[in-house]
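The values are calculated or read from the model by the stated rules, or taken from the named source; none is laboratory data. None of these values were measured; they are calculated from a predicted model. Positions of Cβ are backbone-derived with ideal geometry, glycine not excepted, and every protein chain shown enters the neighbour counts. Just so you know, the surface numbers come from the protein's heavy atoms only, side chains and all, with ligands and any DNA or RNA stripped out. Shrake-Rupley method; radii C 1.70, N 1.55, O 1.52, S 1.80 Å.
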Amino acid sequence: MDRPDQLEPTPAPSRGTRLRRLVPAATAALSGVLLYVSFPPRPLWWLAMPAFALLGWVLRGRGWKAALGLGYLFGLGFLLPLLVWTGVEVGPGPWLALVVIEAVFVALVGVGVAAVSRLPGWPVWAAALWTAGEAARARAPFGGFPWGKIAFGQADGVFLPLAAVGGTPVLGFAVVLCGFGLYEAVRLALQWRHTREVRRSAAALALLSVAVPVVAAVAARPLVSDKAENGTVTVAAIQGNVPRLGLDFNAQRRAVLDYHARETLRLAAEVKAGNVTRPDFVLWPENSSDIDPFANPDAAAVIEDAAKAIGVPISVGGVVERDGKLYNEQILWDPVKGPTQTYDKRQVQPFGEYLPLRSLIGAINSEWTSMVRQDFSRGGKPGVFDVGGTEVGLATCYEAAFDWAVRDTVTHGAQLISVPSNNATFDRSEMTYQQLAMSRVRAVEHSRTVTVPVTSGVSAIIMPDGRITQKTGMFVADSLVQKVPLRSSETPATRMGILPEIALVLVAAGGLAWAIGAGVRGRRAQA
């Protein structure tokens, strides 16, 4: 018998073998990029299905270590290009740090998908796991970051009516289920071609995974309507523009205020000349008055002059200091009574409006702490302004990404929704179009007109069926005036709130428990 040191060495894998081993990793990363391409501003929503089909192929039957790595590569391929706008003005450090953290959630979902991929009907369990991953990302860390929810890439897609059924969780679940079901159907078709043997139940489940989401979306169409239930109002959205792009636009805060007042005065002249219908109220964007009008009489005078000129209330986005605390506030400014109602933003943006771990971040790079010199405080009440009997819900900019922040304006009586925003910091990046798509999804989710006044664009008016009827360009001064429907009925998504998401998380947990239990039983049987 040969001694161990006399055995021939194992031959090194050939170049072709090494390249084949790279195929799953390359596919995972590229399918993530494919998912990114399905998001706005591109109307290629349907690419999400082949992206998840490829992910299903990569993950099916993998061990947890391989699935973790492949899931992470998918997350990087998706989130690196999707969130590049977060580094437009501050450099790649925060952008890369955000993506590295967010991709961990996707990696963990990848492990779960690999685990359930051996179960009957695995596309259902896998899609539910993706929804659970999105639910976690929307809540942690630092209050969560829902950007990149699959639902937000479907504003132009056939699945959009499902937003009215169960909100973004159900819409996203349907898309992911369809993608995984597509892969399973192709896999079984190839198996049939080679072996002529496929279990009927498996084939039926695969086909249902593709067909049911589509049929459900078609069946949900009657929930989508732009008919007025409580009459109409004429609304004006003002886009005043900013003096210059980037973070330093704040250095000319008075100019930003003056620009929005000037555009409102121009609109007032058009109304007086009979060229434009007088609006019932005017909506200014977030940060349209970064000068506190309660502490600075000159800023208050500018707003008051604009309100008197147009002759109707203006919702002004201000930065207000009260009791030593800073608030991102919407102020309803009446032409006769002055400021009458306020709403303080509740979901403030980490690293944009407040700085978590300030001392640690300052130790890494002192310049990063200077971007947020003083933290904004959170408001405590839903934002609904009563404007002459019309209930206007308010979700300020970043809040549009959070299900609860939009829904509770409707449950508190909002007949239309306004999403005042400030995107000037992010230059001409895709961020504006990604956020606009969110507002379109919210319009269908709650069956409400959504107005989006933005400092620098793109401002828009969105019907309750998700259609954009008017929009501005970027970095131009403009105004949008339109008669829009008021609605008070609640969609199933509005009524149920978080319940569909909880149900899908429980489905994910059930599938994962089943997979773990089956694995334990299998190992015991082999022992």
Checklist entry - How long is the gain from residue 42 to residue 506 if the chain were fully straight, where each residue apart is worth 0.36 nm and the alpha carbon distance is subtracted? => result 163.7 nm
Item to check | By average C-beta atoms within 10 angstrom, highest first, the peptides 77-85, 315-323 | outcome: 77-85, 315-323
Next on the checklist: So with the 1.4 Å probe, I'd like the accessible area per residue for the range 144-196, rounded to whole Å².
Outcome noted: 30 Å²
Checklist outcome for this item: Sorting 364, 417 on solvent-accessible surface, 1.4 Å probe, most exposed first, gives 364, 417
Checklist entry - Calculated FRET efficiency, residue 523 and residue 221, Cβ-Cβ r, R0 35 Å, to nearest 0.05? => result 0.15
Checklist outcome for this item: When every protein chain stays in place and a 1.4 Å probe is rolled, 486, 30, 223 sorted by accessible area with the largest first are 30, 223, 486
Next on the checklist: What's the magnitude of the charge dipole for the range 427-527 around its Cα centre, counting Lys and Arg as +1 and Asp and Glu as -1 at the beta-carbon? Answer in Debye, nearest 20.
Outcome noted: 380 debye
Checklist entry - Can you give the FRET efficiency for residue 232 and residue 23, using 1/(1 + (r/R0)^6), R0 = 60 Å, r = Cβ-Cβ distance, to the nearest 0.05? => result 0.60
Checklist entry - Taking only DSSP H segments of four or more residues, each worth -39500 (n - 2.57), what value at 222 nm results for the chain once the sum is divided by all its residues, to the nearest 500 deg cm²/dmol? => result -16000 deg cm²/dmol
Checklist entry - Could you give me the ³J(HN,Hα) list for the range 470-486, computed from phi with Karplus coefficients 6.51, -1.76, 1.60 and θ = phi - 60°, whole Hz, x at Gly and Pro? => result 8, 7, 9, x, 9, 6, 9, 8, 6, 9, 10, 10, 7, 7, 10, x, 9
Next on the checklist: I'd like the accessible area for residue 305: 1.4 Å probe, protein heavy atoms, all chains in place, Å² to the nearest 10.
Outcome noted: 100 Å²
Checklist outcome for this item: So the carbon and sulfur contribution to the accessible area of the chain, 1.4 Å probe, in percent, is 60 percent
Checklist entry - Hey, which lysines would be in cross-link range of residue 471, C-alpha to C-alpha under 17 Å, not counting anything within fewer than 8 residues on its own chain? => result 483
Item to check | For the chain: rounded, prolate or oblate by the Cα gyration tensor [a/c cutoff 1.5] | outcome: prolate
Checklist entry - Membrane-span-like helices in the chain: DSSP H runs reaching 15 Å or more (Cα, own axis), mean Kyte hydropathy at least 1.6? => result 48-59, 92-116, 200-219
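Roughly how many debye, to the nearest 20, is the charge dipole of the range 169-273 about its Cα centre, given +1 on each Lys and Arg Cβ, -1 on each Asp and Glu Cβ, and no other charges?
Around 280 debye, computed over the range 169-273.
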Checklist entry - What dipole magnitude, in Debye to the nearest 20, does the chain give about its Cα centre under +1 on Lys/Arg Cβ and -1 on Asp/Glu Cβ? => result 2300 debye
Checklist entry - How long is the gain from residue 369 to residue 254 if the chain were fully straight, where each residue apart is worth 0.36 nm and the alpha carbon distance is subtracted? => result 39.0 nm
Checklist entry - Among 37, 450, what's the order by accessible area (1.4 angstrom probe), most exposed first? => result 37, 450
Checklist outcome for this item: Between residue 323 and residue 273, the FRET efficiency computed from the C-beta separation at R0 = 41 Å comes out, to the nearest 0.05, as 0.35
Item to check | Under 13 Å from the Cα of residue 381 - aspartates and glutamates, other chains or at least 8 residues apart | outcome: 329, 344, 408
Item to check | Computed label-point distance, nm, for sites residue 296 and residue 194 using a 7 Å Cα→Cβ extension | outcome: 7.0 nm
Item to check | Relative contact order of the chain, defined on C-alpha pairs under 8 angstrom at six or more residues apart (%) | outcome: 17 percent
Checklist entry - What full-extension length gain, to one decimal in nm, is calculated for residue 201 and residue 266 as 0.36 nm per residue of separation minus the Cα-Cα distance? => result 16.8 nm
Checklist entry - How much accessible surface does residue 502 have with a 1.4 Å probe, in Å² rounded to 10? => result 80 Å²
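Sort the range 90-162 into rounded, prolate or oblate with this rule: let a ≥ b ≥ c be the square roots of the eigenvalues of the Cα gyration tensor; rounded if a/c is under 1.5, and if a/c is not under 1.5, prolate when a/b is larger than b/c, oblate otherwise.
Oblate is the answer for the range 90-162, as a/c is 1.5 or above yet b/c matches or exceeds a/b.
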Checklist outcome for this item: Per the C-alpha gyration tensor (a ≥ b ≥ c, the square roots of its eigenvalues), the range 42-101 is rounded if a/c is under 1.5, else prolate if a/b beats b/c, else oblate; here it's oblate
